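I have placed the structure first, in the form of structure tokens, so that the comments after it can refer back to it.
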Amino acid sequence: MPIKYRLFQAIGAISLIGGCVLATIQARFFLFAVNPDGWLRAGVLLSGVTSIYFIYVGFRLLRFGSSPPPMLLGWGRILSGIWMVFSEIHIRLRPAANRLKPSNEVQAAGMYIAFAIILSIGIALVIWGASRYKGRWLFATR
């Protein structure tokens, strides 16, 4: 087998192991967390979906041994965009006590501009990933 196929299988194994480790951490937190709030539960849910994505990609790369056929949705783009949007909204609606605070109006304006840019990039990633859907089954390949 050429080295290219072995490389894809190695990436698939790393993705599979990473997804399983992340899922184990999230399951442990979900079972043993003491009084988590809604933001924490949403973060755990999003991390769980990300771990499922890593496991799915790992199985696909191990199964095909080469570049697998593309999925109907860009799940990686969608998850990246959702993470960006979630983190920015979380920072704005529930700021941490030790968060950096602007010392003047220019820094405050820069922080709001960075917030708007990151939020718009996240929304654009979600739209870009979902624009590949043509009305067929979500997990099928082309």
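Here are the numbers for the structure shown:
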| quantity | calculated |
| --- | --- |
| Principal-axis tilt of helix 75-93 within the chain, Cα atoms, nearest 10 degrees | 10 |
| Cα long-axis angle, helix 38-64 against the chain (0 to 90 degrees, to the nearest 10) | 20 |
| Net lengthening on full extension, residue 59/residue 45 (0.36 nm per residue, minus Cα-Cα) | 2.9 nm |
| Listed candidates (1) 135; (2) 105; (3) 153 - label of the one calculated as volume of the Cα convex hull per residue in Å³ | (3) |
| Exposed chymotrypsin sites (Phe, Trp or Tyr not before Pro) absent: longest stretch of the chain, with sites in DSSP loops and at most 15 other Cβ within 10 Å deemed exposed | 1-132 |
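Taken together, the values in this text are just the output of simple stated rules run on the coordinates, not laboratory data. Keep in mind the model is a prediction, meaning the values are calculated, not measured. For neighbour counting, all protein chains shown are included, and Cβ atoms are generated from backbone atoms with ideal geometry for every residue, glycine included.
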